[in-house]
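Here's the structure, in structure tokens; my notes come after.
Laboratory data are not the source of any read-out in this text; all were calculated from the coordinates shown. The structure displayed is predicted, hence computed values, not measured ones. Cβ placement follows ideal geometry from the backbone for every residue including glycine, while neighbour counts extend to all protein chains displayed.
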Amino acid sequence: MQGRQESSRVEGEFLVISNSSVIIALARICRLDLLEKLFGKILVPETVWKEITVEGRLGSEKIMRASFIRVEKVRNVRLVALLEEFVDTGEAEAIVLALGHNADLLLVDDRDARNLAKKLGLQVMGTLGVVALAKYRGLIPKAKPIIDQLIESGFWISRRILEVFLRELGEH
């Protein structure tokens with residue numbers, strides 16, 4: 001199974017941990033390449049791997065072939081259990097994995113999980129942040145077509161947030 005390798009951090013490497021939402025959103029529109037080009041390797045906990053590779057889920061076959069996504073078992077199960085009081089299991093495991101590895105970035109969309117991760121000192125970015133970064137780095141010419149595809153595939157974003165996002169990128 002692809003992605004099942006244990007990971008070890010190389011000195012100087014930018015370490016990104018992800019929850020399921022960002023990976024699923026980009027897989028649905030066939031843009032997993034943005035994650036690989038931006039971050040190289042992404043580490044996910046086992047629960048997230050199970051969520052993103054559910055048979056029949058749109059994009060799951062692309063995710064299983066994405067060799068840049070690596071899976072690691074979370075060892076601090078007590079902290080996961082504690083965080084599960086506030087967020088779901090995948091989010092809790094992603095946060096604990098990020099804390100345990102002193103990750104540079106946690107990819108997560110859920111507001112509660114983002115707020116919790118920030119309170120714990122983690123840097124977070126969601127799907128919109130990935131799209132914005134891809135534009136800034138010249139991987140895509142415009143963000144709006146990607147956002148339109150995300151919305152068509154079921155990604156939800158409020159009209160107000162979308163307007164602010166596009167205005168900040170100069171695409172209003």
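Here are the numbers:
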| read-out | value |
| --- | --- |
| Hits in segment 115-156 - residues which are part of a loop (DSSP other than H, G, I, E, B) and over 22 Å from Val87 (Cα atoms) | Arg137, Gly138, Leu139, Ile140, Pro141, Lys142, Ala143, Ser153 |
| Qualifying residue in segment 87-103 (condition: within 24 Å of Trp156 (Cβ to Cβ), surrounded by fewer than 22 Cβ atoms within 10 Å (Cβ to Cβ) and within 13 Å of the chain's Cα centre (by Cα)) | no |
| Total residues in segment 54-67, condition surrounded by 20 or more Cβ atoms within 10 Å (Cβ to Cβ) and not in a loop (DSSP other than H, G, I, E, B) | 1 |
| Among (1) buried (at least 19 other Cβ atoms within 10 Å of the Cβ); (2) touching a residue at least 24 places away in the same chain (Cβ under 8 Å), the one test that Asp112 misses | (1) |
| Output for segment 49-75, where each listed residue is aliphatic (A, V, I, L, M), within 21 Å of Gln149 (Cα to Cα) and more than 13 Å from the chain's Cα centre (by Cα) | Leu58, Ala66 |
| Residue that is in contact with a strand residue (DSSP E or B) (Cβ under 7 Å, 6 or more places away or on another chain), outside any loop (DSSP other than H, G, I, E, B) and surrounded by fewer than 20 Cβ atoms within 10 Å (Cβ to Cβ), where the choices are Arg70, Arg78 | Arg70 |
